[in-house]
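Asker: Before I ask anything, here is the structure I am working with.
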Amino acid sequence: MAFWILPNTAGAVASSMDVDGSTTTATYDAENLISGPRSKMWRCDAFGSVVRVYYNLPQSYSMSHCVIARADLMMTEEGSQISVAYGSGLGSPIDGIGTPIVAANLVGIKVDGKPHGQDAVFEFTSPVTSDVFQIAIGHASGTQAAMLAKVYFCDGLLIGNGPQRGPTWSVRRDGEPERTKPLLGYEEYAVTDAIDLRWRHVGREEIEAFEVLPLNWPVFLWDTDGDIFAHKLEHVILAAYSWTRVGEDSFTLETSWRRLAHYP
Amino acid sequence: MGLWLLANTVGRDAAEIRVTDNTNVEVAASEAEGIDVIRGGPRSLKWTQSGTNQRRIAYVNKSGLGTATHCVIVDAALHEGKVLHVYGWDDYAASGSAMHGAAPTPLIGIDQRDWAFELTTSFPDAEAFGVSFGISDTYSKTVRQIYFCDGLEFDHASAVQFQRVPVHASAVPHCGNFYKIHATATMTVGPVTRADIDTYYALPKEDPVFFYDDTGGSDYGDHILHKLWHCIIAGEQVVVDYNDNDEEMLFIALELSILKHGNG
């Protein structure tokens, strides 16, 4: 198993964002892709073939994953394809979904009885270093708009062998989200269920790497084999963390997370 | 090598804090106004020089300040790359003994902004301790707390726990000041002697103190991960135990509130 913490590394350091191939409206700004709740989205007007969204970074960074929240909104009548690339212009491709996005491409919790998740994860074969990262959205024919909630380019963090197995979500029975702030952030989010994850036998350098993650914003927890999370991907905020030194270079890391409210 | 408790013992015993040029000639009172902030209090307090000339800042007491083992400069990152000297004077304002003579490095602590220096010259009962800024660099000096400490060393620390506090948490009161807190921590130091206990209680703890770990590497400690904690002591308990030979063993269980850093 591999259990990744996926922050928005690119969003945290981006100097600008560009959209090429269409226009955006003020209420569906591209910067909504960086952070904020899942209800906050980017939308571009109908376009003919391809629209590209760029993260421009002040220097080169290494990325291991790309996560797209609400990729389910791309399962349109015409069908949409997504490719992930680095570099300006057309860029160099890293990964993508070449055929129209279908339910099998989606992970994350299923909302409102739908048979599929809402998000897509692209795990790079090896880390890619660049100062520009982009996604390209295309479709086979006609014109159509595109809408997404978040695009994360992530320098993912693997901690040891992953958290101890067996934690369960504390589910809010009333189904009503409550509003809370991340441990390290000032913006309130609507959140629902809670889970505690504990890593044992964690090294000093892993604790240090965890402490410098941009945890003021939501992150994704990517459980590649679904050992901890049945839906493999969770979009969460960090509610609390602590570490205890248990040996010369051995720590126990305890964390509490809240799941972001999902919407149909 | 161990874990040092560093309180501003010299600051407590100083009759005055002098701002001088590099020949120990005092500057105008208007320039020195507000220099008392270096003695303690929250990290947000600072004194900024009105000009750019070399300046010495010294704790002075002609009837004796006792000894000091360490100097700690809060937010020494403000002087990164700039040469400074740490001074001790058996006879103030004679020429004094200059130590270090280089940039403050490595920077340690939460966010790596502070600098701790173990004095290389022994002063049994100095009349003054100080720091000289801008020896070979012309710049306007901004200075936060400067501690000179007769440190109390502990060989062992156990049960070290660190828990991050929400960034939006309210400031906590302590001895007439309010402090924003980065994290709380607990640990037990010892075994210690009764003389150590007496020394511990005699240290000034109304202002924040430092725990400095000179074990481990240049940027981490074996006892405390961040190598330096700037904290208020929120609670303490002396624990008495006995070994198999019925000999007394003393420990101090500490509750710490680690101060929030920032460069405002």
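The values are calculated or read from the model by the stated rules, or taken from the named source; none is laboratory data. A quick note: this is a predicted structure, and the numbers were derived from the prediction, not measured. Here the Cβ positions follow ideal geometry from the backbone for every residue, glycine too, while neighbour counts run over all protein chains shown.
Asker: Would you pick out the residues in region B:159-183 that are facing chain A (nearest Cβ under 9 Å) and either more than 25 Å from A:Phe251 (Cβ to Cβ) or in contact with a strand residue (DSSP E or B) (Cβ under 6 Å, 6 or more places away or on another chain) (or both)?
Answerer: B:Ala159, B:Val160, B:Gln161, B:Phe162, B:Gln163, B:Arg164, B:Val165, B:His168, B:Ala183
Asker: Pull up region A:34-60, narrow it to residues that are among the hydroxyl-bearing types (Ser, Thr, Tyr) and surrounded by fewer than 21 Cβ atoms within 10 Å (Cβ to Cβ), then point me to the one that is nearest to A:Ala146 (Cα to Cα).
Answerer: The selected residue is A:Ser49.
Asker: Take region A:222-240 and flag every residue that is under 17 Å from A:Arg70 (Cβ atoms) and in contact (Cβ under 8 Å) with a residue 60 or more places away in the chain.
Answerer: A:Trp222, A:His231, A:Lys232, A:Leu233, A:Glu234, A:His235 - these are the residues of region A:222-240 that are under 17 Å from A:Arg70 (Cβ atoms) and in contact (Cβ under 8 Å) with a residue 60 or more places away in the chain.
Asker: Another one. Which condition number in (1) assigned to a loop (DSSP other than H, G, I, E, B); (2) farther than 22 Å from A:Cys66 by Cβ; (3) out of contact with any helix residue (DSSP H, G or I) (no Cβ under 8 Å at 6 or more places or on another chain) is the one that A:Pro115 fails?
Answerer: The number of the failed condition is (3).
Asker: Would you point out which residue out of B:Tyr179, B:Tyr201 is loosely packed, with under 15 Cβ neighbours inside 10 Å and either touching a Gly at 6+ places or on another chain (Cβ under 6 Å) or among the aromatic types (Phe, Trp, Tyr) (or both)?
Answerer: From the options B:Tyr179, B:Tyr201, the qualifying one is B:Tyr201.
Residue by residue, here is whether (1) at pLDDT 90 or above; (2) touching a His at 6+ places or on another chain (Cβ under 9 Å); (3) closer than 30 Å to A:Ser126 by Cβ holds:
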| site | (1), (2), (3) |
| --- | --- |
| A:Ala146 | no, yes, yes |
| A:Tyr152 | yes, yes, yes |
| A:Gln164 | yes, no, yes |
| A:Trp169 | yes, no, no |
| A:Arg179 | yes, no, no |
| A:Asp196 | yes, no, no |
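Asker: Another one. Given the structure, is B:Leu203 under 30 Å from B:Thr105 (Cβ atoms), among the hydrophobic types (A, V, I, L, M, F, W, C), under 19 Å from the mean Cα position of the chain (by Cα) and away from chain A (no Cβ under 14 Å)?
Answerer: The answer is yes for B:Leu203.
Asker: Looking at region B:225-258, which of the residues that are at negative phi and among the acidic types (Asp, Glu) is surrounded by the fewest Cβ atoms within 10 Å (Cβ to Cβ)?
Answerer: Ranking the qualifying residues of region B:225-258, first place goes to B:Asp244.
Asker: If you don't mind, there's one more thing I want to ask. So, in region B:76-120, exactly how many residues are assigned to a loop (DSSP other than H, G, I, E, B) and under 16 Å from B:His261 (Cα atoms)?
Answerer: Matching residues across region B:76-120 total 3.
Asker: Filter region A:176-192 down to the residues that are over 18 Å from the mean Cα position of the chain (by Cα) and away from every other protein chain (no Cβ under 14 Å), then identify the one that is nearest to A:Ala261 (Cα to Cα).
Answerer: A:Pro177
Asker: Only one of these is over 16 Å from the mean Cα position of the chain (by Cα) and buried (at least 20 other Cβ atoms within 10 Å of the Cβ): B:Leu84, B:Leu152, B:Leu107. Name it.
Answerer: Just one listed residue meets the conditions, B:Leu84.
Asker: I've got another one for you. Please identify the pairs in which a residue from region B:188-216 that is within 18 Å of B:Thr69 (Cβ to Cβ) and among the aromatic types (Phe, Trp, Tyr) has its Cβ atom under 7 Å from the Cβ atom of a residue that is surrounded by 20 or more Cβ atoms within 10 Å (Cβ to Cβ) and modelled with pLDDT under 95, counting only partners at least 6 apart or on another chain.
Answerer: Listed by first residue and then by second, the contacts come to B:Phe211/B:Ile224.
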